[in-house]
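The values are calculated or read from the model by the stated rules, or taken from the named source; none is laboratory data. Quick caveat, the model's predicted, so the values are computed rather than measured. Here the Cβ positions follow ideal geometry from the backbone for every residue, glycine too, while neighbour counts run over all protein chains shown. Surface accessibility is based on the protein's heavy atoms, side chains included, excluding ligands, DNA and RNA. Shrake-Rupley method; radii C 1.70, N 1.55, O 1.52, S 1.80 Å.
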2 protein chains.
Amino acid sequence: MPTTSATTRIHNFSAGPAVLPLPVLEEAQRELLALPGVGMSVMEISHRSKTFEDILSRAVEDIRALAHVPDSYKVLMLQGGASLQFSMVPMNLLGPGAAADYVDTGSWADKAIKEARKVGTVNLAGSTKAEKYSRIPAERELTLTPGAAYVHITTNNTIEGTQWTALPEVGGVPLVADASSDIFHAPLDVSRFGLIYAGAQKNLGPSGVTLVIVREDLLARSTDVLPVMMNYRVHAENNSLYNTPNTFGIYILGLTMKWLRSQGGLPAMARVNQRKAAKLYAEIDRTGFYRGTAQPESRSLMNVTFRLATEELEKLFVKESTAAGLDGLKGHRSVGGMRASIYNAFPEEGVDALVDFMREFERKHG
Amino acid sequence: MPTTSATTRIHNFSAGPAVLPLPVLEEAQRELLALPGVGMSVMEISHRSKTFEDILSRAVEDIRALAHVPDSYKVLMLQGGASLQFSMVPMNLLGPGAAADYVDTGSWADKAIKEARKVGTVNLAGSTKAEKYSRIPAERELTLTPGAAYVHITTNNTIEGTQWTALPEVGGVPLVADASSDIFHAPLDVSRFGLIYAGAQKNLGPSGVTLVIVREDLLARSTDVLPVMMNYRVHAENNSLYNTPNTFGIYILGLTMKWLRSQGGLPAMARVNQRKAAKLYAEIDRTGFYRGTAQPESRSLMNVTFRLATEELEKLFVKESTAAGLDGLKGHRSVGGMRASIYNAFPEEGVDALVDFMREFERKHG
């Protein structure tokens, strides 16, 4: 069977797992049977080997460099995705008698809240559920609890296509963020956060790796009664090598971070992402044939959600776009419509191709 | 940079992550940029896509076929390795007021016990700790608790090089096994177990995937107060797709299962594994220059552990064997000595090469 090549690839608008940079896949393909000078695949080497330790520490260093992570923060690579973090965050940070503030801006925020409620007291600091999560609440709408254990937000709402454009002012309370679907899409002031977590499979790499950036002083809240694998302090003390991590996933994440740096880092990403999203929103707003579902001031740069006049037309859009090599545009089953996920690795020519398709589709069916 | 090839590979005796079948790596390499007919890398496709659902269900079907898994068992692919299972097993199966029996046969069994003690009552049903874990206790040495929630064993002790050769008789109590380092090394009577778990990175695939085979009636013990990601019932009800799994890891595990079947399945593996281990133990026993650390009746077919007369000689052995292209023979740091891990995918010619090297080393230094 011939080796697949770049020319056989299509435009992948999946919400995650999502498109990876082509140079990352090409490097992984070249090295898959044996890392140069090592004689074993990266999948086969011990996680305690010098080779893997270098892969891990280079990935961490690139993350630190990309996001200017202060020295007072630990960078961890865990497993279980954001879903496991929904439990780990309160189990580690929400002490007995304390309460945490959660802002409910979408389906994933709602899941985080459900898990936190199993652990301790949760205050709903704000919610746009009644408006079908079509926007991020304004700061004046938030009811923050003085002395809360932390404030939890979801920086980008993958399903609803909304994104926080400015972080809420939370005073001395640690801000905890699920940044799975927009981490590193633009420069990030880590010092504003107590803890940031992100499943890798949208903007960082393949699925099966979870990035956690945590301020060191918060590790003191992790107690020894926790299951050891759920304990941030244990993972921090062991540099993410308490147990066998997802070694291949970390390797691909590392290659992706190297690619990000080669592209000019987060400021360059921000420019490209602004441009890509602006093209799509301009097309959505052009005639009214398409209708954006997120309020304009809360529109996501990562997940562009829109609808058509009827569900029949939407089905046709999905069918014809898929046939045209534009894959993954069907919206999440819980909300319907269309969604174009255009993370860092999604190429701008794919956005141009979608805009062309949208115009042609409107011409034919408008 | 040229693509690495099979000829650049060395013999990899790592304890895990460990050697994978070369045809598996070659197939993954060919398809890495785009799955045939799909136009995207397996790392980039949605876990909800038909393509990935097929990959997952084929892997599960191959596991069912290989081990003749009865219909009354669920096959799950989770994250977090055996270490997370150390907590998930008692959190799901050890109800309030109940007690579980644990047999302490090595460092990993000891870790499982520590985590279970955080959850509930643990009875030590047997231990060979006082004998440096050099053997598996005989059945008559076990003190089983009538009506225990379950009995936990570690089928193969990776660090100490011992293995259960016959399962203990536990009556109606569910037998729970950490089979990380010997699963599928030989035919397996799944019906003897309530639950089997295994980190994939030794005998199944790459790190970052955990196989769990669980008898369905035990899922009734999983309560809704558990963190959702720690709940076996939730994962079973969602066919391992409650959240985004390690898609690439499952893909490689699937290719490895396909390879296992092509080799003749578990009976064929048992024959090869018996032969490989017999060659090494025969060499160890030949003159007394090498000394096996496990009692002969408990010797592992997967991890062959041995020592030399002095630590200096052991260091030299590690150095010279590494230089000879025999990698990963240094024993676990907690016990010292040497360890040759020879899982299913480890080729017999690698064992022959090690035997040759051992003879030559003894000739030079004996």
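Rounded to the nearest 20, the size of the Cβ-charge dipole of the protein assembly as shown about its Cα centre is 40 debye, with Lys and Arg at +1 and Asp and Glu at -1. Electrostatic tally near A:W259: other residues with Cβ closer than 12 Å to its Cβ, Lys and Arg +1, Asp and Glu -1, net -1. In the context of the full protein assembly, A:R58 retains an accessible surface of approximately 140 Å², using a probe radius of 1.4 Å and ignoring ligands and nucleic acids.
Mean-square fluctuations from a GNM of chain B, with a 10 angstrom spring cutoff on Cα atoms, peak among B:N273, B:N303, B:N123 at B:N123. Comparing mean-square fluctuations of A:G95, A:G205, A:G254 from a GNM of chain A with C-alpha springs under 10 Å, the top value falls on A:G95. The residues packed around B:V89, meaning those with a beta-carbon under 9 Å from its beta-carbon, carry a net charge of -2 if Lys and Arg are +1 and Asp and Glu are -1.
From the Cα gyration tensor of the range B:299-355, with a ≥ b ≥ c the square roots of its eigenvalues, which class applies: rounded if a/c is under 1.5, or else prolate if a/b is larger than b/c, or else oblate?
Working: a/c = 2.12, a/b = 1.32, b/c = 1.61.
In terms of gyration-tensor shape, oblate.
With label points defined 7 Å past Cα in the direction of Cβ, position A:E297 shows copy-to-copy spacings of 7.8 nm, given to one decimal and shortest first. Checking the a/c ratio against 1.5 first, then a/b against b/c, what shape does the Cα gyration tensor give for the range B:264-365? Verdict is prolate for the range B:264-365.
A Förster distance of 30 Å, applied to the separation of the beta-carbon atoms of A:D352 and A:A220, puts the FRET efficiency at 0.05.
Surface exposure of the range B:264-365, expressed per residue as accessible area with a 1.4 Å probe, stands at 45 Å².
Shape class for chain A: oblate, because the ratio a/c of the largest to smallest gyration tensor axis (alpha-carbon atoms, square roots of eigenvalues) is 1.5 or more and b/c is at least a/b.
Within the range B:189-211, the residues that become at least 50 Å² less accessible when every protein chain is included than when their own chain is isolated (1.4 Å probe; DNA, RNA and ligands ignored) are B:S207. Here chain B carries DSSP beta bridges of which approximately 55% are antiparallel, counting only pairs with both residues inside.
If you add up the charges near A:R363, with Lys and Arg at +1 and Asp and Glu at -1, over every other residue whose beta carbon is less than 15 angstrom from its beta carbon, what do you get? Intermediate values should be presented prior to the final figure.
On the way: positive: A:R286, A:R359, A:K364; negative: A:E283, A:E320, A:D356, A:E360, A:E362.
Neighbour charge sum, excluding A:R363 itself: -2.
The heavy atoms of B:W164 offer some 30 square angstrom of accessible surface to a 1.4 angstrom probe.
Summarising the strand pairing of the protein assembly as shown, around 55 percent of its internal DSSP beta bridges are antiparallel. Accessible area per residue for the range B:27-262 is 32 Å², calculated with a 1.4 Å probe on protein heavy atoms, without ligands, DNA or RNA. For B:E141, the point set 7 Å out from Cα toward Cβ sits 6.6 nm from its twins in the other copies, listed from shortest up. When the helix-only estimate is applied to the protein assembly as shown (DSSP H runs of n ≥ 4, each -39,500 (n - 2.57), divided by the residue count), what is the mean residue ellipticity at 222 nm, nearest 500 deg cm²/dmol? So the helix-based figure for the protein assembly as shown works out to -11500 deg cm²/dmol.
Put a plus charge on the Cβ of each Lys and Arg, a minus charge on the Cβ of each Asp and Glu, and nothing anywhere else: the dipole of the range A:1-159 about its Cα centre is then about 380 debye.
Taking the charge dipole of chain B about its Cα centre, with +1 at Lys and Arg Cβ atoms and -1 at Asp and Glu Cβ atoms, the residue from B:I10, B:N123, B:V38 reaching farthest to the positive side is B:I10.
The accessible-area ordering, largest first, of the residues A:R275, B:R233 stands as A:R275, B:R233, per a 1.4 angstrom probe.
Each Lys and Arg adds +1 at its Cβ and each Asp and Glu adds -1 at its Cβ; summed about the Cα centre, the range A:264-365 shows a dipole of about 180 debye.
Copy-to-copy label distances for B:H365, where each label lies 7 Å from Cα along Cα-to-Cβ, are 7.2 nm in order of increasing length.
Once B binds A, the 1.4 Å probe can no longer reach about 5300 Å² of accessible area, counting both sides. GNM remark for chain A: springs join alpha carbons under 10 Å apart, and the peak mean-square fluctuation among A:M91, A:M230, A:M40 falls on A:M40. Considering all C-alpha pairs of the protein assembly as shown, those separated by over 49 Å amount to 16%. At an R0 of 45 angstrom, the distance between the Cβ atoms of B:A323 and B:L167 translates into a FRET efficiency of 0.60. Give me the percent of accessible area attributable to carbon and sulfur for the protein assembly as shown, probe 1.4 angstrom. After summing per-atom areas, the C and S share lands at 52 percent. Rolling a 1.4 Å probe across all protein chains gives A:L226 an accessible area of roughly 10 Å².
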